[in-house]
Every structure is written in structure tokens, then in C-alpha cells.
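A.B. asks: Below are the C-alpha cells for one structure; questions will follow.
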Amino acid sequence: NAGVTQTPKFQVLKTGQSMTLQCAQDMNHNSMYWYRQDPGMGLRLIYYSASEGTTDKGEVPNGYNVSRLNKREFSLRLESAAPSQTSVYFCASTQVSGANVLTFGAGSRLTVL
Amino acid sequence: AQSVTQPDIHITVSEGASLELRCNYSYGATPYLFWYVQSPGQGLQLLLKYFSGDTLVQGIKGFEAEFKRSQSSFNLRKPSVHWSDAAEYFCAVVPTRAGTALIFGKGTTLSVSS
């Protein structure tokens, strides 16, 4: 089925470890996004890529890096995980940034001990 | 500061009763406006959107929303709530029409009582 695929779905890390969340879409969308969801905070934008080859910071970029590997893939990296990064992470994509109807992945639950 | 506000953190409605979830935004120009729903443990699903034109928009699952420019509001309504509507609801906006990302409110959790 077409859509947004995130891996892994669950991950437990120790403080200071690094990891990469992978996201791939097969809808030929131009724009891709990473959000984190925390109780009572809604979804907050971490980084986005309006088109292949570009990335921009969102509301909460500190502690994260991203790579738009190609048009399909947009990865999120935690270089040195902290407990404050315990969250559910959602990747999303859309054809055109601005006139946004986002398609979301199922989410990746990350716990940092 | 520019923001999206959902004043109600948690609402409980009896099954069959009507529902209104509030959303206000504080951006100068009329943004693109959206409502998403998230069932427990699931991703987000688009309920409806407003870009321009008729200020009353219809969505899926019997939901509708009305854009009121004078009140900077985009409230979500449903005439008769079903137990399956229990979920978290997010209002979201794209602040300008120049290619910026979707900004979400903090969400309203809907519980449905029998």
C-alpha cells in the first residue's frame, strides 16, 4: 500500500547513544516533515524538507539532524540521545509544501533511559 | 506570538449529543486550516480542510467546521457523536500561503459516555 513508512516502530536507547529514524514515502511527494508528539503538547515540528535538497528547522530542532537522502527518504538522527527526547516521532509528506494535506506515518516510539 | 489554540484539553460528550471543538489562531493573514483526528495508538487522519471559499466545510465521518474570520476561529462540529468518535482532535494551520509547514494545536481529547 502506498504511504509513509517509518522504521523502527519502537526503540529504547540509553542516554548518550545515537540513532537514526528512517522515513520513506512512495507517493512521489516533494515535501517531508518530522514531528514529535508529547502528552499535552500536540505535535511539534522538528525539521522539514520542502523539496529534495533542502531542509529547514522547525519549532524544536535542537538535538536533531536530518538528511533528505533522495526524494523518497528523509531521516532524523539523534547524535547523543537525552531523556527529554523520549517521545513519539511522526514522519509526514505532502505533494506541495503550503497547500498541505499531510500523509502521516504510523509513528516511532522512542524511549531514552 | 503566532499560535494555534485549542482551549479545551478534554471534553466528555454523551453518545448521540452534539459536539463542538474550538480552535483559534493568531496569524495575520487567513491561513490554510485543518482538523486531524488521532485514535489511540494510531497516526493522524485528516478530517477536513479549509483553503478558501465557502466558510462551512464538510469532512469525513459526519464532521464539519466553520471558518469565522472575525473571530479567527475554525471550530469543529458534529451533530450526533458516536462512541467511535472518542479520540484526540488536532487543529492545524499553515500560517502563510508561501510554503511553510503545518503547525498544530495541542489537541483536545474527546471522551464519549454512554
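The values are calculated or read from the model by the stated rules, or taken from the named source; none is laboratory data. No experiment lies behind these values; they were computed from the predicted model shown. Quick reminder, even Gly has a Cβ in these numbers, built from the backbone with ideal geometry, and neighbours come from all protein chains shown.
A.B. asks: Based on what the data block shows, is residue B:20 among the charged types (D, E, K, R), at pLDDT 95 or above, within 11 Å of the chain's Cα centre (by Cα) and under 24 Å from residue A:106 (Cα atoms)?
C.D. replies: Details: among the charged types (D, E, K, R): yes; at pLDDT 95 or above: yes; within 11 Å of the chain's Cα centre (by Cα): yes; under 24 Å from residue A:106 (Cα atoms): no.
Criteria not met by residue B:20.
A.B. asks: Of everything in the range B:62-114 that's of a type in the set (Phe, Trp, Tyr), more than 9 Å from chain A (Cβ to nearest Cβ) and not in a helix (DSSP H, G or I), which residue is surrounded by the most Cβ atoms within 10 Å (Cβ to Cβ)?
C.D. replies: Per the criteria, the residue is B:74.
A.B. asks: Considering A:93, A:80, A:67, which residue is small (Gly, Ala, Ser), touching a residue at least 60 places away in the same chain (Cβ under 8 Å) and either in contact with a helix residue (DSSP H, G or I) (Cβ under 6 Å, 6 or more places away or on another chain) or not in a loop (DSSP other than H, G, I, E, B) (or both)?
C.D. replies: Within the list A:93, A:80, A:67, the selection yields A:93.
A.B. asks: Run residue A:52 past the list (1) within 23 Å of residue A:113 (Cβ to Cβ); (2) not in a strand (DSSP E or B) and report the number of the one that doesn't hold.
C.D. replies: Against the list (1) within 23 Å of residue A:113 (Cβ to Cβ); (2) not in a strand (DSSP E or B), residue A:52 comes up short only on (1).
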